[in-house]
Every structure is written in structure tokens, then in C-alpha cells.
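K.L.:
Got a structure for you, written out below as C-alpha cells; questions coming shortly.
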Amino acid sequence: FYQKVKTNYKPIYDELVKENFEKKYFFSSHKNTFIDLMNSTFDKKKLLIAKGLDSIAELKDVEDFQMSVQHFLEIVKNTCDKNRNIYLIACGTSFHASKVAALYFNEIANLEIIPTLPGDFRGQYAKSLKNDDIVIGVSQSGETKDLIDIFNYIETTGLDIKLIVLVNNMNSTLGQEKSDVSIPISCGPEIAVPATKSFINQITLFYYLAIKVAEMKLNKLKAENSENTEEFEKKLAARFKSIDDIPQIIKETIETTKDAIEYIAGKIYLEPSMHILATKITGVAKEGALKIRETVLNHAEGGEASEFKHGPNTILGKNTVFGIKHVRAMIREFNRTVDELEEIATNKNISKDEIRQITVALSNYIFYRTFPFNLSKEGTKLFKELVKDYNFFEKGYRNYPLIYVTGPEEKDVNLTISQINTHKIRGGDTFVIAEENEKLLLNARTNPHDEGYYGWGYIQLPKTGDTLMTTFSATIALQLLALKMSVKKMEKLDKLGILDHGVHPDVPKNVSKSITVD
């Protein structure tokens, strides 16, 4: 074995003979098989063989990946030359990754990619397909029924359309049977049902592919002796370097945002509804909202920030979206009123039985506005005094939580500030996820009213000065926020004795890892 490794894989052999057991991790797609070779007892020879096999397999994985990427680039080049369309089709989390991908390809490679859901693709694009179009499918499982149906339909058209898939499970229907090119997401098994690391790997892969497409375009410009390629080349070199920064950005985000995430999670985990408003990075907001819906079971809607003022902002101010906090406040107000009733009634020598009847009448009046006719004259007078200026629901009205996500570009920050000031004056609490910006912080924390409650928070992301890098840090912050909210709500509902509530960060109710039905 060693001789063959020495002959065919000299760099790997040189590492093996060092017997460096500190490098204990296994990385290839076949790592579990090689780990099993060692059994449970430590054996130096078995460990070296397993490490050697894993290293060779990893090298093969890298070679296969690069071949797939090269094939992808050739297909994209042909489609660009023919001036045809590239569609990116996915569901759920993968669709949100596709929205982020469209941002990457536009910003880095000046290439339009159309992200769409399978159902929308059928209704909006299926009849418009032409030869040399590209359809890219994205799926963690590789078994997504909606996506397979689209690929099956395209095969029946007889058109020369290239089918590409990005999948985590390469041994799947999409990975093996339905595509011209399969590119692995390579995030390994994801045990929890909500997709988190697969989303990060998807957008990382898209980021890399966008850079490779830009590199292909640059090489074409150079071959044509085009002028003014220096700036393009400089920006592209910075993009290549930034790939290596992603792990550290993620690590720093996890380490530096803990306190702010804990604080904001405590503020909003019992809020029944919220909106996440993004400037430019809409896919990140949509994915963050999905994680909250999945794991906290609170309604959350993610979208482009400026769209909120076109209708959804009607939820600001008084509304009838009540959660546990709201109900608790209203019950406290009702109890206070009952205490007042008992005190006045006792002073007026009203019987306990009539006090009970007045209490029942009061509870009915809250929801039905019905007037009681079964009370005595004194009881009726007391009832009228209690309800004269009584508004049971007033204590239930609270500010509506709005989470803003933005990159560090000045225009995006200014747009976000404009949204904040537009909405908080109408009853919105402000929670910001962004890089350090004093102007943004000042506008977030300033109470729009002279008095009264106003909630705010600021999750400060690692400083990059780059909106595309913010997609990674903001995603991690939103995932951690959803996790904290889920754990807090799960513990709260358990404490209240609510059975089968379904709140769990790993296995929430009604969702599964692979959707194989219509």
C-alpha cells in the first residue's frame, strides 16, 4: 500500500510517513467507510491506511468537483454566446439560496440568472423555453418531487436545454438520473430537519461559481485584447481571496454576536408575528424568516424592505395579532378591574353572588358588548361605571417587531434608515442586523416618541465593507436568533404544560428533510 501511494501520490505519502496524528479529521465523501476500518481500538497501521485512503478519496473528490465546474462553465459560455436564459429552480431553503445566487452572479459576473419556484416556473417560463437555455436545479436531498417533475417536463419538450443540479446527496434521482452536470454541495449529513449548513454551503458554492464565471469572462476579454480589463481583474482577485475569509467570518459572527442575539431573542420569542426587511439581500431575509417559522412556530415574513410600506405596514399600530405576552397583559388588566369591582362592591354592601354576576357580565361585555339585564339597580350602576372608560384590549396592543438586514454600502444603509424612521413612528420596534455604522445605530435606538415603550436592538456583524460577505454573516446571525428563540419558546411552553406544541430547533412539527409528494 505504502509503495503504491509513494509512486502515485507522493505528497500524500510524505505526510503519512510523518505519522502526524494531530491531523485526525477525515474529509472525503467516503470517510465513514475508512473510519470503520480502524474499529474501536487504536492501531497505528490501520490509522495510517485509513488516513491515506481518505486523502486519496478526497483528492478524487476535488478532481471530480473541478471537472463538474469546468463542464458547468462550458455550458454557461455556450448559453451566454447564444444570448439565452439561465433559470434557477428550487424550493424552500434552496430557493432562498437561489435568490442569493442571483445577487452573486449579477454583482460579480454581470450575468442575469432567474431564480424561481417550480410552480412559478410552470406558470411563467415553461412555454417560453428555447434551445440553449439552462435550467439549474438546487436540492439538498436530490429527491425533491416538485423539481423532478420540472426536469421530467423539460425532457418531453425535445429542446436542447442543459440540466444542471446542485445537490448534497449525489446518489439521488437528481444527482444520478436527471442532469447533464451534477455539482456536490458537500455539507455532509444534516441531522436537524431545518436546513442550516446546507444553505451556507449552497450560497458558498454559488459564490465560487459566480467568481469562476467572471474569470471565464475575463479570459475571453483578454483573448479579444479588450481594453480596461485591469479593474475587472483586480476585483476578481479580491473575490478569489475572499473565499478563504468565509470560515473566519462565520466563526467571528458566532463568537461576537452572542449577547445581542440573546437579548433580542428574549424580546421577541413570544411575539406572534414579525417581518424581516432586507435591503438588497432579500434571499437572506426570506431564509431567516423561514427558520423562525420552522423552529419557533411564530409567523415571520421576509422580504425586500421597501415593499413593506406597500400594504404590509398596516399591521403597525393597533392590530388583533395577539400572542402570549398580549393575552397576559389583558388578563392582568381584567384582574385589576375585578379587584376594583370587589373593593367598590364590598363598600356598597353588594352581595358576593351579585359580584360574581357582575364579573360574568364584565367578561361577556369584553367580547360581545352585551348589556346585562339581570343585575340589581346598584349592580347595574356599578357595571356602567366599570365599563364607561374600560378598554380591555388596550393593554394588549404592543409595538410590532421589525428586523432590518442590510449590507454596509452607504446607499443601502441610508435606505434602511429611511425605512426605520418611516415605520417606528407608526408603532414598530427596531432590530438591526448589520455591520458597525454609527448613523444606523443612532436611528435604530432613538425613541420616536417623547415617552412610552420602544424596543430596539443591534446585532453588529464582523466588519467586511462588502455586501456579498454580509450574506454569510447575516445568515449565521439569523440562524442563531431562530435557534435561541426556539429554545426559549420550547422551554416556556413546556413550563406552561402545553402538550404537543411542536416547537423544537431540530425536529419541529409538520416538516421533513425530503419532500417527495406533490
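K.L.:
Please rank Tyr125, Tyr453, fewest neighbouring Cβ atoms within 10 Å first, as an exposure proxy. All intermediate terms of the calculation are to be shown ahead of the outcome.
P.N.:
Details: Tyr125 17, Tyr453 9.
Listed from fewest to most nearby Cβ atoms, that is Tyr453, Tyr125.
K.L.:
OK, next. Helix 324-347 against the longest principal axis of the chain: what's the angle in degrees, Cα atoms only, rounded to the nearest 10?
P.N.:
Helix 324-347 sits at roughly 10 degrees to that axis.
K.L.:
Now, a different point. Quote the FRET efficiency, to the nearest 0.05, computed for Asp120 versus Gln70 with a Förster distance R0 of 51 Å and r equal to the Cβ-Cβ distance. Please report the intermediate quantities before stating the final value.
P.N.:
On the way: r = 31 Å, r/R0 = 0.60.
After rounding, the FRET efficiency stands at 0.95.
K.L.:
Less than 13 Å Cβ to Cβ from Glu155, Lys/Arg counted +1 and Asp/Glu -1: what total charge do the surrounding residues give? Write out the running numbers ahead of the final one.
P.N.:
On the way: positive: Lys162, Lys178; negative: Asp149, Asp160, Glu177, Asp180.
Here the charged neighbours net out to -2.
K.L.:
Quick one: Cα centre-to-centre distance for segment 314-379 and segment 51-82, in angstrom?
P.N.:
Taking the Cα centre of each part, segment 314-379 and segment 51-82 sit 70 Å apart.
K.L.:
Also, I was wondering about something else. Pairs of alpha-carbon atoms within less than 8 angstrom and 6+ residues apart define the contacts here; what relative contact order does the chain have, in percent? List each step's numbers first, then the result.
P.N.:
Details: 767 pairs, mean separation 76.8, N = 518.
In percent, rounded to a whole number, it is 15.
K.L.:
Between segment 100-175 and segment 381-397, what's the alpha-carbon centroid distance in Å?
P.N.:
58 Å
K.L.:
Could you state the angle between the C-alpha long axis of helix 467-495 and the longest principal axis of the C-alpha atoms of the chain, as a value from 0 to 90 degrees rounded to the nearest 10?
P.N.:
It works out to around 50 degrees.
K.L.:
Hey, another quick one. Can you sort Phe151, Phe334, Phe240 by how many other beta carbons sit within 10 Å, fewest first?
P.N.:
Phe240, Phe334, Phe151
K.L.:
What nm value, rounded to one decimal, do you get for the distance between Thr314 and Glu378 when each label is placed 7 Å out toward the C-beta?
P.N.:
4.9 nm
K.L.:
A follow-up question, please. Could you work out the helix-only [θ] at 222 nm for the chain, with each DSSP H run of four or more residues adding -39,500 (n - 2.57) and the total divided by the number of residues, to the nearest 500 deg cm²/dmol? Spell out each step's value before the answer.
P.N.:
On the way: 18 runs with 286 residues, N = 518.
Result for the chain, helices only: -18500 deg cm²/dmol.
K.L.:
Sticking with this one: Anything over 21 Å Cα to Cα? Flag those among Lys267/Lys424; Lys197/Lys251; Lys127/Lys280; Lys251/Lys484; Lys197/Lys291, in the order listed. Display every interim value, and only then the final one.
P.N.:
Numbers: Lys267/Lys424 16 Å; Lys197/Lys251 13 Å; Lys127/Lys280 30 Å; Lys251/Lys484 17 Å; Lys197/Lys291 12 Å.
With Cα atoms farther than 21 Å apart: Lys127/Lys280.
K.L.:
For the chain, take the longest principal axis of its alpha carbons; what is the angle in degrees between that and the long axis of helix 258-268, to the nearest 10 within 0 to 90?
P.N.:
Helix 258-268 and the main axis of the chain meet at about 40 degrees.
K.L.:
Let me ask something else. If you average the sequence gap of Cα pairs under 8 Å that are 6 or more apart and divide by the length of segment 324-395, what percent do you get for the contact order? List each step's numbers first, then the result.
P.N.:
Numbers: 36 pairs, mean separation 31.4, N = 72.
Result for segment 324-395 is 44 percent.
K.L.:
By how many nm would the segment from Thr422 to Tyr453 lengthen if fully extended, with 0.36 nm per residue of separation less the alpha-carbon distance?
P.N.:
Stretched out fully, the Thr422 to Tyr453 stretch lengthens by 9.4 nm.
K.L.:
Near Lys178, within a Cβ-to-Cβ distance under 14 Å, what is the net charge of the other residues, with Lys and Arg +1 and Asp and Glu -1? Please list the in-between numbers first.
P.N.:
Numbers: positive: Lys145, Lys162; negative: Glu143, Asp146, Asp149, Glu155, Glu177, Asp180.
In short, -4.
Coordinate-derived values only; no laboratory data. Treat the numbers as computed from the prediction; the structure is a model and nothing was measured. Don't worry about glycine lacking a Cβ; one is built from the backbone with ideal geometry, like all the others, and counts go over all protein chains shown.
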